[in-house]
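The values are calculated or read from the model by the stated rules, or taken from the named source; none is laboratory data. Predicted model, so just to flag it, every value in this text is computed and none were measured. Virtual Cβ from ideal backbone geometry, glycine too; neighbours counted across all protein chains shown.
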Amino acid sequence: MGKPRCLIIGGQFSGNFCARELKTQFFCTVVDAKEYFEYTPGVLRAFVKPAHLDSLTFTLQPVYERKMGVKFIWGEVKELDGDKKTACIKTMFSNNLDSIGFDYCIICAGCNFGPFKPMGESLWFPTVHEEARAVSDWKHIDERFLEGRRRHVLEEYQKLHELNKKKSTVLVVGAGFIGVEWATELEHFFPDLKMTIIDFLPRCLGPLPDGAAEYCSEYMSATGIKEFYNCKYDPKNPEFWKQIELPNGADETYVCIGVKASNYFMPKCTLSDKGPGGGGWIHFNKYLQVTKKPSEGGGVWADGSIFAVGDCNYGCIGEPGNWEMPPVPKISYPGEEQAYHACLNVIKLSKNNQNLTKTWWPWGAGMFATSLGPHDACFVAGANENKNSGYMVNWWIPAALQKEIIETSKIDECRDRWVGILIWRLDVFYIYI
Ligand SMILES: Cc1cc2nc3c(=O)[nH]c(=O)nc-3n(C[C@H](O)[C@H](O)[C@H](O)COP(=O)(O)OP(=O)(O)OC[C@H]3O[C@@H](n4cnc5c(N)ncnc54)[C@H](O)[C@@H]3O)c2cc1C
């Protein structure tokens, strides 16, 4: 009998992990709507220093097909049929849909960012979905191609360059880790910009510990970035602009808040009605199997052979006050840990073992490295769903170096190269203990 077939939707952090984990025991097929891997946590730097994009990206096909030995399809999954176990895929350069069958499927399709855009569009994730491209602010660029992404990065860089020349005012909305990183990158690489950052919370970095928030605030204040907290973004209200000392408005605004679901290919019965960005997240159970939403009974969808991991899923199980698993932050490390749990369960099911592994709140979900320009950063470990939890365990140049080592070694691992694999496998052994 041949090996079972496993379809992996999305080829970034969690999809890449699944392919490496399952490639020997399954015929794996990875589908991704774009042709390249991009290390999202480093992409802010690419917009202020475009040469950095090359070190963050690689084309997926050679790595998946030649190095890992799995099949790669460059195309968008448009529909997943759980009963027939088929996926309809619109491959590149084709207007028709291809249907492919599978025995198991792991959905690693991530999410979008940017709540004020109809399909959630931001600089941070390339615009790849057909529906999103139709209403994109950068329709003239096709970010499914690495060259398209490069053009977008260069366009934004040129824009920033011009703004800097004019000593323009720039507003960053949201002082979570992304907003803080973006404001400090802009300040460092374009020192003539007049930077302001706001948040509706009383301080920066959201739920992370006070020590880390104070550290970042001190950095921003020392570099002349104006901060305003307890302040709601209300661009149509002149009082808002006066309150943040920009009575004439800002020359440019970057909204750095809010994830938005992009699971357009999933049947509505599996998607949440609620949640960040208006819902649309894939419901799942303790075994990471896709389930129906509670109003549809909440049972396992299809026959339990379809799993959802990483940013695409609902992120929590249960209700506030009665969590089975509290909300997991949408960052890469927990996505990979969930991917590992899903892989274990796919392997078990393929051996007719119904004693599935339960997932848990991944310890890696409490680690946040926030960069403050290229030479400073702070690293928090042990954060959980409670406000002000965790500890700032590393900061200043050592934390900036740590962030660079994470970036380089992680990309190396995703390229299936031995140095990265060795570094992260040792770490992963530690998680599994
Ligand atoms: C600016 C920024 C900074 C960040 N910094 C950090 C950090 O420092 N540390 C950290 O841990 N996390 C960080 N994150 C979060 C991290 O990038 C995400 O959690 C991580 O990328 C999620 O991995 P994933 O594999 O679940 O999904 P993604 O990385 O989103 O990958 C999903 C893939 O699926 C593909 N796809 C989607 N839909 C389809 C479809 N229908 N058909 C085919 N393919 C599809 C997409 O093209 C994409 O390649 C940051 C995020 C942002 C935006």
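Applying the criterion of being assigned to a loop (DSSP other than H, G, I, E, B), out of contact with any helix residue (DSSP H, G or I) (no Cβ under 6 Å at 6 or more places or on another chain) and of a type in the set (Phe, Trp, Tyr) to the residues of region 265-297, the residue that is surrounded by the fewest Cβ atoms within 10 Å (Cβ to Cβ) is Phe265. Inside region 78-124, counting only strands (runs of 3 or more DSSP E) that do not spill past its ends, which hold 1 or more residues that are within 25 Å of Thr291 (Cα to Cα) and within 23 Å of the chain's Cα centre (by Cα)? Result: 86-91, 104-107. Residues considered: Gly179, Gly206. Of these, the only one that is in a helix (DSSP H, G or I) and in contact (Cβ under 8 Å) with a residue 24 or more places away in the chain is Gly179. Out of all the residues in region 234-252, is one or more away from the ligand (no atom under 16 Å from the Cβ) and of a type in the set (Phe, Trp, Tyr)? Yes, region 234-252 has at least one match.
Yes/no per residue for (1) of a type outside the set (D, E, K, R); (2) farther than 23 Å from Asp251 by Cβ; (3) in contact with a Pro (Cβ under 9 Å, 6 or more places away or on another chain); (4) modelled with pLDDT under 95:
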position	(1), (2), (3), (4)
Val170	yes, no, no, no
Val180	yes, no, no, no
Glu185	no, no, yes, no
His188	yes, no, yes, no
Leu193	yes, no, no, no
Pro202	yes, yes, no, no
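So which of Phe93, Phe116 is within 30 Å of Leu186 (Cα to Cα), more than 10 Å from the ligand (Cβ to nearest atom), surrounded by fewer than 16 Cβ atoms within 10 Å (Cβ to Cβ) and not hydroxyl-bearing (Ser, Thr, Tyr)? After ruling out the rest, the residue left standing is Phe116.
Here's the yes/no breakdown for (1) in a helix (DSSP H, G or I); (2) more than 15 Å from the ligand (Cβ to nearest atom):
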{"position": "Gly42", "(1), (2)": "yes, no"}
{"position": "Ser55", "(1), (2)": "yes, yes"}
{"position": "Val128", "(1), (2)": "no, no"}
{"position": "Ser136", "(1), (2)": "no, no"}
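Out of Ile331, Ile317, one residue alone is surrounded by 15 or more Cβ atoms within 10 Å (Cβ to Cβ), closer than 22 Å to Pro41 by Cα and touching a residue at least 24 places away in the same chain (Cβ under 8 Å). It is Ile331.
Applying a threshold of 6 Å to beta carbon distances and a minimum spacing of six or more residues, or different chains, the list of pairs starting in region 225-254 at a residue that is farther than 17 Å from Asn164 by Cα and ending at one that is of a type outside the set (Ser, Thr, Tyr) and surrounded by fewer than 16 Cβ atoms within 10 Å (Cβ to Cβ) reads Tyr229/Pro202; Asn230/Pro202; Lys232/Phe200; Phe240/Asp234; Trp241/Pro247; Trp241/Gly249. When region 70-90 is filtered for residues that are more than 22 Å from Asp142 (Cα to Cα), more than 10 Å from the ligand (Cβ to nearest atom) and touching a residue at least 40 places away in the same chain (Cβ under 8 Å), the ones remaining, listed by number, are Val70, Lys71, Gly82, Asp83, Lys85.
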